[in-house]
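The values are calculated or read from the model by the stated rules, or taken from the named source; none is laboratory data. Everything numeric here is computed off the predicted structure, so don't read it as measured data. Note that we place each Cβ from the backbone using ideal geometry, even for glycine, and neighbour counts take in every protein chain shown. Protein only, heavy atoms only, side chains kept; ligands, DNA and RNA dropped before computing areas. Shrake-Rupley method; radii C 1.70, N 1.55, O 1.52, S 1.80 Å.
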Amino acid sequence: MSTINKIADGVIWTVACKFLSAAYAFVAVPILIGLYGKADYGLIGLALSINIYMTLLDLGFSNTNLRYFSNYLAKGDIENVRKLFGTSICFYGSIGIINALIIFAISFFVGDIFQVTPEQVVILRSLLYIIALNAIFNWYTSCFGQLIQGAEYVDFFSKISFVGNLLNVVVLILTLIFKFSIVEYYAGLVFLGLIYRTLLSIRKIKAIIPDISFKPHFDKNLFKETLPYSMNIFSVSLLTWGALQLQPILLGIRCNSSEVTDYNIIFSIYTFLGFIGGSFNSAIFPSVTKAVTLHNREVIERVAYQGTKYLVIVISFVTFGYISVSPDVMHLYLGESFMYLVPWMDFYFLNLLGNHNAGMSAIIYAGTDIKLITRWSAFSYITMVIVFWYLIPYYGARSIALSGTLCNIMQMTFYYTYYWPRKLKISSRRIFWTSLLPFMLAGLSVAFILRLFSVSESHLIQLLVKGMLFVVVFSAIVYMMIEKTDRAFFSWFIKKFLRRANA
């Protein structure tokens, strides 16, 4: 299979997987709030936030392994693949035990740390026990998916995750039928998917490398080789993704679990809309790593210019399409009582446009020169957390819109004015003027016009009519703006997507 076909398959299945995952979160939130109540449902978000921060124990090895697995496989160096796999199992197995012990220790103090009732303390501790047990198995098997993706089987791994998300739907349905407690619901959600994902991953890895061992085996020299890159990745992760997961904990400390629920609402919709950028990055990273390893400048520039343009079009379609109907979505989703979140969410969701750098990020992290990125990211995200902390008493969960926008502006300014043109020799002016600005303005203009008028008193009718109008008008504008070769690519990609959907 050619590289472009692998990327296309990877993007299609990764998008489908993340769409289903985000859709599940989008649909499940109001159902679970109605079943357990706003305050008790917020306990799941609180428990997950505590454990998610534990993923920093990864020390950047997830991205490192993906890069080195891709690098070794591109060179045909199977021996180093085996060594890295065994070393990773040893490392991650140890981390799993440490993670479980930390969560177990925290469980004894949740009543003192967070503003929760005695009844909620019991629930929160039970949730943390489940998380601690899952951590041991989840860490041990985490490198399985890294090897599969490194072999450019992104579509296969995404298929596994896709079915896993369908199992989440099954758990939700069973919860509604049998009235499971919040602890029983979460246990089913965690362990059913873990068992399925692990069994299929083992089968696929054996097909890739038949004689590979699943026993821990630590290779000291290989660990030293990958450690410097991992530390740079870890530094970025510590103050980027980790900082985002810290926000609901800060809300729990300074406010209450109701504000955490507001945060989960905002973030679940943001995740629902923002899956495109992450899908593109994870799908192309193995192929981009191969291009960087083999010094294929043609592929690198194609990802930088054409890939970014296509990504901007899709992100603008999703982002401004939602903003054009966001009041109607909120009315139908959670009702009138949550309408105060709409303007803040619209403002915050404009940051999704920052995901247009996904292709450029894949190029950056496929190489090794990321120290400067680490330092600027640290500064940007420290600033974001500080601003978020001080805004909480005034805006609560809505502080995410202001602090997140500030961080995004700082990041984009650095990429456009320095890193892309000087370090990667990529024209940031070309990206901004030909890939980003035209399609962003087109989407913003259509959404703004649609928000000016009302077509019906029914929010459902408004959602359908305005949604269809946005699709038709924005698609027509984009069709007139893009070149003939771009139209041919989109036509090929859509046909490929439809064939996969009907397969």
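Each residue in the stretch 54-90 was checked for being within 20 Å of residue 232 (Cβ to Cβ) and open to solvent by 30 Å² or more (accessible area, probe 1.4 Å), and 5 of them qualify. Given the condition hydrophobic (A, V, I, L, M, F, W, C), closer than 18 Å to residue 315 by Cα, touching a Phe, Trp or Tyr at 6+ places or on another chain (Cβ under 8 Å) and open to solvent by less than 20 Å² (accessible area, probe 1.4 Å), answer yes or no: does some residue in the stretch 418-435 qualify? Yes, because at least one residue in the stretch 418-435 is hydrophobic (A, V, I, L, M, F, W, C), closer than 18 Å to residue 315 by Cα, touching a Phe, Trp or Tyr at 6+ places or on another chain (Cβ under 8 Å) and open to solvent by less than 20 Å² (accessible area, probe 1.4 Å).
Condition check: closer than 24 Å to residue 73 by Cβ and part of a helix (DSSP H, G or I). Does residue 158 satisfy that? Considered against the rule, which asks whether it is closer than 24 Å to residue 73 by Cβ and part of a helix (DSSP H, G or I), residue 158 comes out as yes.
Going residue by residue through the stretch 97-110, is there one that turns out to be closer than 24 Å to residue 207 by Cα, within 25 Å of the chain's Cα centre (by Cα) and buried (at least 20 other Cβ atoms within 10 Å of the Cβ)? Looking through the stretch 97-110, none of the residues is closer than 24 Å to residue 207 by Cα, within 25 Å of the chain's Cα centre (by Cα) and buried (at least 20 other Cβ atoms within 10 Å of the Cβ).
Once the stretch 387-411 is narrowed to residues that are hydrophobic (A, V, I, L, M, F, W, C), in contact (Cβ under 8 Å) with a residue 40 or more places away in the chain and open to solvent by less than 30 Å² (accessible area, probe 1.4 Å), the residue that is nearest to residue 351 (Cα to Cα) is 401. If the condition is being at pLDDT 80 or above and of a type in the set (Gly, Ala, Ser), then the stretch 14-42 contributes 28, 34, 37. Taken together, the residues in the stretch 297-306 that are in contact with a Ser or Thr (Cβ under 9 Å, 6 or more places away or on another chain), open to solvent by less than 60 Å² (accessible area, probe 1.4 Å) and not aromatic (Phe, Trp, Tyr) amount to 3. Considering 277, 242, the condition of being modelled with pLDDT under 70, assigned to a helix (DSSP H, G or I) and over 12 Å from the mean Cα position of the chain (by Cα) is satisfied by 242 alone. Residue 212 falls short on exactly one of the conditions (1) over 26 Å from the mean Cα position of the chain (by Cα); (2) in a helix (DSSP H, G or I); (3) within 23 Å of residue 63 (Cα to Cα), and that condition is (2). Evaluate the stretch 120-128: report whether one residue or more is in contact (Cβ under 8 Å) with a residue 24 or more places away in the chain, within 27 Å of the chain's Cα centre (by Cα), under 19 Å from residue 194 (Cα atoms) and open to solvent by 10 Å² or more (accessible area, probe 1.4 Å). Scanning the stretch 120-128 turns up at least one residue that is in contact (Cβ under 8 Å) with a residue 24 or more places away in the chain, within 27 Å of the chain's Cα centre (by Cα), under 19 Å from residue 194 (Cα atoms) and open to solvent by 10 Å² or more (accessible area, probe 1.4 Å). Flag: residue 236 does not match the condition of being under 24 Å from the mean Cα position of the chain (by Cα), at pLDDT 85 or above and either open to solvent by less than 30 Å² (accessible area, probe 1.4 Å) or of a type outside the set (Gly, Ala, Ser) (or both).
Identify, please: which residue in the stretch 321-362 is open to solvent by less than 10 Å² (accessible area, probe 1.4 Å) and over 23 Å from residue 474 (Cβ atoms) and is, among those, modelled with the lowest pLDDT? Among those residues, the one meeting the criterion is 362. Contact map, the stretch 19-31: first residue in contact (Cβ under 8 Å) with a residue 24 or more places away in the chain and closer than 15 Å to residue 270 by Cβ, second residue open to solvent by 40 Å² or more (accessible area, probe 1.4 Å) and of a type outside the set (A, V, I, L, M, F, W, C), Cβ cut-off under 6 Å, separation 6 or more or different chains; pairs are 22/271.
Say whether the condition of being over 24 Å from residue 36 (Cβ atoms), among the small types (Gly, Ala, Ser), surrounded by 20 or more Cβ atoms within 10 Å (Cβ to Cβ) and at pLDDT below 85 is met by at least one residue in the stretch 139-146. Checking the stretch 139-146: at least one residue is over 24 Å from residue 36 (Cβ atoms), among the small types (Gly, Ala, Ser), surrounded by 20 or more Cβ atoms within 10 Å (Cβ to Cβ) and at pLDDT below 85.
Count of the stretch 247-267 residues, restricted to those that are among the small types (Gly, Ala, Ser) and open to solvent by 10 Å² or more (accessible area, probe 1.4 Å), is 2.
Based on what the data block shows, is residue 174 touching a residue at least 60 places away in the same chain (Cβ under 8 Å) and part of a helix (DSSP H, G or I)? Taking the combined requirement at face value, the residue does not satisfy it.
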